[in-house]
1. Just one of (1) touching a Gly at 6+ places or on another chain (Cβ under 6 Å); (2) among the charged types (D, E, K, R); (3) without any contact (Cβ under 8 Å) to a residue 24 or more places away in the chain trips up E6, so point out which.
2. Tally the residues that are touching a strand residue (DSSP E or B) at 6+ places or on another chain (Cβ under 7 Å) and either free of Cβ contacts under 8 Å to residues at least 24 places away in the same chain or open to solvent by 60 Å² or more (accessible area, probe 1.4 Å) (or both), restricting the search to region 18-31.
3. Could you please find all residues in region 93-115 being under 13 Å from C22 (Cβ atoms) and assigned to a strand (DSSP E or B)?
4. Report yes if T109 is open to solvent by 20 Å² or more (accessible area, probe 1.4 Å) and either in contact (Cβ under 8 Å) with a residue 60 or more places away in the chain or touching a strand residue (DSSP E or B) at 6+ places or on another chain (Cβ under 7 Å) (or both), otherwise no.
Amino acid sequence: QGQFVESGGGLVQPGGSLRLSCAPSRSSFSMSAMGWFRQAPGKQRELVAAISSGGNTNYADSVKGRFTISRDNTKNTVYLQMNSLRPEDTAVYYCNVPRPRDDYWGQGTQVTVSS
């Protein structure tokens, strides 16, 4: 089991929305800077959004203006709000620290955008 647990994926039509959640698998783990990654079939895993411990955010150009990363430090949880979803957003989504550690990868959550 990895360090993080992702949830909230599913099947959605183009133009729809989903909100993903990421929490540590052990409640004692305190998250600092975090990132959301995705891996589509046949492609390399890519960083799509990152948030610092202070709330500063960065996004890949492909999701800028559509995705929003946020965090709730009281719940030790990081979120990814995904709006205006496109078929090319279909992937398994993971969270990890922005410079990912191999031992931190969880199972991910599948997002499928299809009509």
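The values are calculated or read from the model by the stated rules, or taken from the named source; none is laboratory data. Please read all numbers here as calculations on a predicted model, not as lab measurements. Reconstructed Cβ throughout: ideal geometry from the backbone, glycine too, with neighbour counts over all protein chains shown. We work out accessible area using only protein heavy atoms, side chains counted, and drop any ligands, DNA or RNA first. Shrake-Rupley method; radii C 1.70, N 1.55, O 1.52, S 1.80 Å.
1. The one condition E6 does not meet is (3).
2. 1
3. Scanning region 93-115 gives Y93, Y94, C95, N96, T109.
4. Answer is no for this residue.
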